[in-house]
Amino acid sequence: MKKITLLLLAGLLLQTASAQKTKNVIVVTFDGYRWQELFQGPQQSLLEREKFTKNKETLTQKYVGNSLEESRKKLTPFLWGEVAAKGLIFGNKKAGSKMTITNGHKFSYPGYSEIFCGWGDKKINSNDYPNNPHQTIFDFLEQQPDFAKKTAAVGTWDAFTRIINTSRNKVPVFVEFRKDSTGTILSKDNKSFTQYQTNIPIASKLCESDTLTYRFAKEYFHRNKPRFFFVGFDETDHFAHSGQYDNYLDAAHTLDSYLADLWNYVQTTEEYKDKTTLIVTCDHGRGSNVGSQWRHHGQPVPGAEYIWMAMIGPDTPAKGELKAIHHYHQNQIAQTIAHLLGKEFTADHFIGKAIDSVFSK
Ligand SMILES: [Zn+2]
């Protein structure tokens, strides 16, 4: 009897292990986008300050609803209407859901390195840091027969080539479309993208480089069908630094629409439909609403260690916003990606544990 029960149990466990439906993972980052706006929508005190917000009425009309829930959904409708509705989202510090970095620096290179390595190495302490000495999830996956030449990254920021260390692992990493001549990177086989560049409406000025990043990312995704794909957007951080709260909000709203477009492509494309998990997160947070603190991040800025994560896919339970008291870390993202793909990420350095609630029904 006991034996039978054990056998049954083992069978069930095996079934659970092989029941993983995710075959592809996409990670998208909104650089330095705060949990405050993600979970609470536009911050009234920042809308009120003319120094940061030039067009309060328009923004209020666009993004402020009758409740906090309504406002955040107006600001990032895909993240709330689709991802949170069918998957999960966490990092609402106010609700006791915490997610923080462990690298201590509260700026970009260390943050992305922590995401990809599963380790917040404090020695990685500069945005000018040379090639990442540590193994990342890219290195690991490229060594797997079913993932070799199936990973890629597209980003607005040029440091991604060093963070991912493309010279070591040969992962295709495409960056900085504004500075480089797009023709040089793409003209060989991608005329349509060059056309996009000239078609960007100059009047908007918004998300100009992230728009190019996204257009190229989607084109690459469509043509090459990578199984692990990273897209790094930047303009949320850019506009926050320049103190333009209005543009910061518009940037988040635009990036959300790119997520929606990408997810629509995923769910209407045979290779990806119902076997792809999308993870959205950020590299660091920013300061509070007090004074100019929201503009900044980095080691001396209190609160900039708080980040967030959202996730949707065939193995993600529809738990919505996680409000229970917990504390996750940025170093858990890499192993979570590996587990979603049915693998165990190993490297010659520490790797944070996978995030349990992502898998438990
Ligand atoms: Zn920054």
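Of note:
- Region 268-303, residues that are of a type outside the set (S, T, N, Q) and more than 19 Å from Met99 (Cα to Cα): Glu270, Glu271, Tyr272, Lys273, Asp274, Lys275, Val290, Gly291, Arg295
- Any hit, region 143-151, residues being in contact with a Pro (Cβ under 8 Å, 6 or more places away or on another chain) and in contact (Cβ under 8 Å) with a residue 60 or more places away in the chain: yes
- A Cβ distance below 9 Å, combined with a sequence gap of six or more or placement on separate chains, defines the contacts here; from region 22-33, residues that are assigned to a loop (DSSP other than H, G, I, E, B) reach residues that are among the aliphatic types (A, V, I, L, M) and away from the ligand (no atom under 16 Å from the Cβ) in the pairs Thr22/Leu340; Thr22/Leu341; Lys23/Leu341.
Residue-by-condition table, conditions (1) in a loop (DSSP other than H, G, I, E, B); (2) in contact (Cβ under 8 Å) with a residue 60 or more places away in the chain:
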{"residue": "Gly65", "(1), (2)": "yes, no"}
{"residue": "Trp80", "(1), (2)": "no, no"}
{"residue": "Lys98", "(1), (2)": "no, yes"}
{"residue": "Gly111", "(1), (2)": "no, yes"}
{"residue": "Glu114", "(1), (2)": "no, yes"}
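- Verdict on Trp308 being aromatic (Phe, Trp, Tyr) and within 15 Å of the chain's Cα centre (by Cα): yes
- For region 51-62, the criterion of being at pLDDT 95 or above, closer than 21 Å to Tyr306 by Cβ and not charged (D, E, K, R) is satisfied by at least one residue.
- If you go through region 83-120 and keep only what is more than 23 Å from His326 (Cα to Cα) and away from the ligand (no atom under 16 Å from the Cβ), you end up with nothing.
- Cβ-Cβ under 9 Å pairs, at least 6 apart or on other chains, region 295-312 side farther than 18 Å from Phe39 by Cβ, far side away from the ligand (no atom under 14 Å from the Cβ) and outside any loop (DSSP other than H, G, I, E, B): Arg295/Tyr245
- Residue match in region 138-158 (condition: part of a helix (DSSP H, G or I), surrounded by fewer than 22 Cβ atoms within 10 Å (Cβ to Cβ), away from the ligand (no atom under 16 Å from the Cβ) and modelled with pLDDT of 95 or more): yes
- Close pairs (7 angstrom Cβ cut-off, 6 or more residues apart or separate chains): assigned to a helix (DSSP H, G or I) in region 237-252, of a type in the set (Ser, Thr, Tyr) and within 13 Å of the ligand (Cβ to nearest atom) anywhere: Phe239/Tyr248; Ala240/Tyr248; Tyr248/Thr236; Ala251/Thr236; Ala252/Tyr33; Ala252/Thr236
- Just one residue in the set Gly342, Gly313 is crowded, with 22+ Cβ neighbours inside 10 Å, farther than 19 Å from Gly111 by Cα and not aromatic (Phe, Trp, Tyr); that residue is Gly313.
- Options Val301, Val266: the member that is closer than 25 Å to Arg72 by Cβ, among the aliphatic types (A, V, I, L, M) and either away from the ligand (no atom under 16 Å from the Cβ) or in contact with a helix residue (DSSP H, G or I) (Cβ under 6 Å, 6 or more places away or on another chain) (or both): Val266
- Any hit, region 214-230, residues being modelled with pLDDT of 95 or more, over 29 Å from Pro42 (Cα atoms) and assigned to a strand (DSSP E or B): yes
- Selection from region 41-63 of residues that are touching a Lys or Arg at 6+ places or on another chain (Cβ under 6 Å) and in a helix (DSSP H, G or I): Leu47, Tyr63
- The one condition in (1) modelled with pLDDT of 90 or more; (2) away from the ligand (no atom under 16 Å from the Cβ) that His238 fails to fulfil: (2)
The values are calculated or read from the model by the stated rules, or taken from the named source; none is laboratory data. Because the structure is predicted, anything quoted here is derived from the model rather than measured. Every residue, glycine among them, receives a Cβ derived from its backbone with ideal geometry; neighbour counts consider all protein chains shown.
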